Amino acid sequence: MAHQSLYRIHRPATFAEVVGQEHVTKPLEEEAKTKKIGHAYIFAGTRGLGKTSVARIFATAIGCTEHDLYEIDAASNNSVEDIRALTEGVYTLPFQSPYKVYILDEVHMLSKGAWNAFLKTLEEPPSHAVFILATTELEKVPETVRSRCQVFEFKKPTRAVLAKMTAAVAKKEGYTLASDAAELIAMLADGSYRDALSVLQRVFAATKGNTLSRKIVETATGAPRREQVHALISALATGERGKALVAIEQAAKAGIDMKLFLELVLEALRATLLIRYAPDLRAELESELGADEFSSLEKFVQPNVGHTTPYITHAMMFAFLTAAERIRYAPIPALPLELAVLEIFPGEASK
């Protein structure tokens, strides 16, 4: 028997359980309380932000039961005939609720003819019908449709919010997730609640213990190891161009996602600069990074005697930030990182 995914188990069931979307949930909650219900809504935002979950919560809040809730995948039901079949049923009265709620997922996938067929219903809907159109590409929804709907744009959660949510779910499942491990999962999730829980589930499956360290997450996900990131940071801190290029080459040969590797390098450079220039943040950074990582990066803060580049500088940070802009289009993923190193040490003899 297949196990249910964490995302389904821990899907929010009330407005209060929805994290990081107060600008959406508060107005909807108020509409439900005051009975000032609109006939059409658009929920827009990237994947895994909880658009469908919030749509279901709103349906429940306005008194719609499962018998009068209809969920339609517009990606596979996008023809004129599909929409005509839907609209024919709209005009029949609800089975046992004050409203019939229609949730259309990936609604931007509707054909032009389907939009035209749907527009008539949106213009003159029956009083008991509520439409919630969910989309990851708002710009593809016709303006004639958008103008007839209340539009709510879901925000990507910050990494801190994702890490906190991931740690809380791990605790509910009987695991202890280290803070730096939660940070890595949040980074891998790329702003998606659903993806964060998918990564966490993969980590659960790959370990027998209940204490989850960053190393365990690295092994389970194939994410770059700290040692690989530190090899590059150490070479930069000591001005050793050759070693820096070797560190990049070894990461590339290991089959690592170089975009993620670069992101972790930027994280380490930023943390090192903050440790050096913002002493008031030391306690906060140590808590965020974990004692081991903080201690490792702290070694790169002070000048190193006998080396031409005494420590990590903002110029290094800028060079790798530029690499992050280039890597998306680079035919060789390691190339932008290598160029960054050569820009930092243009006249150095290879060491």
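Collect the residues in segment 24-81 that are in a helix (DSSP H, G or I), buried (at least 20 other Cβ atoms within 10 Å of the Cβ) and β-branched (Val, Ile, Thr), keeping them in residue-number order. Those that are in a helix (DSSP H, G or I), buried (at least 20 other Cβ atoms within 10 Å of the Cβ) and β-branched (Val, Ile, Thr): 24, 25, 54, 57.
Considering segment 123-152, and only residues there that are under 20 Å from residue 83 (Cβ atoms) and more than 32 Å from the chain's Cα centre (by Cα), the residue that is surrounded by the most Cβ atoms within 10 Å (Cβ to Cβ) turns out to be 129. The set of residues in segment 55-79 that are modelled with pLDDT under 95, among the β-branched types (Val, Ile, Thr) and in contact with a Lys or Arg (Cβ under 9 Å, 6 or more places away or on another chain) is empty.
Meeting the requirement of 1 or more residues that are more than 24 Å from residue 182 (Cα to Cα) and basic (Lys, Arg), the helices (runs of 4 or more DSSP H) wholly within segment 216-328 are 241-253, 258-277, 314-326. Filtered by the rule that a residue be at pLDDT 90 or above and surrounded by fewer than 18 Cβ atoms within 10 Å (Cβ to Cβ), segment 184-193 gives no residues. Does residue 21 meet the test of being surrounded by 22 or more Cβ atoms within 10 Å (Cβ to Cβ) and farther than 22 Å from residue 147 by Cα? Spelling it out, residue 21 is indeed surrounded by 22 or more Cβ atoms within 10 Å (Cβ to Cβ) and farther than 22 Å from residue 147 by Cα. Here residue 272 meets the list (1) under 21 Å from residue 222 (Cα atoms); (2) free of Cβ contacts under 8 Å to residues at least 60 places away in the same chain; (3) β-branched (Val, Ile, Thr) almost entirely, failing just condition (1). In the condition set (1) charged (D, E, K, R); (2) surrounded by fewer than 18 Cβ atoms within 10 Å (Cβ to Cβ); (3) in contact (Cβ under 8 Å) with a residue 60 or more places away in the chain; (4) over 30 Å from residue 107 (Cβ atoms), residue 155 is compliant with all but (4).
The single condition among (1) in contact with a strand residue (DSSP E or B) (Cβ under 8 Å, 6 or more places away or on another chain); (2) surrounded by 15 or more Cβ atoms within 10 Å (Cβ to Cβ) that residue 211 does not meet is (2).
The values are calculated or read from the model by the stated rules, or taken from the named source; none is laboratory data. Not measured: the values here are computed from a predicted model. When we count neighbours, we look across all protein chains shown, and the Cβ atoms used for this are built from the backbone with ideal geometry, even at glycine.
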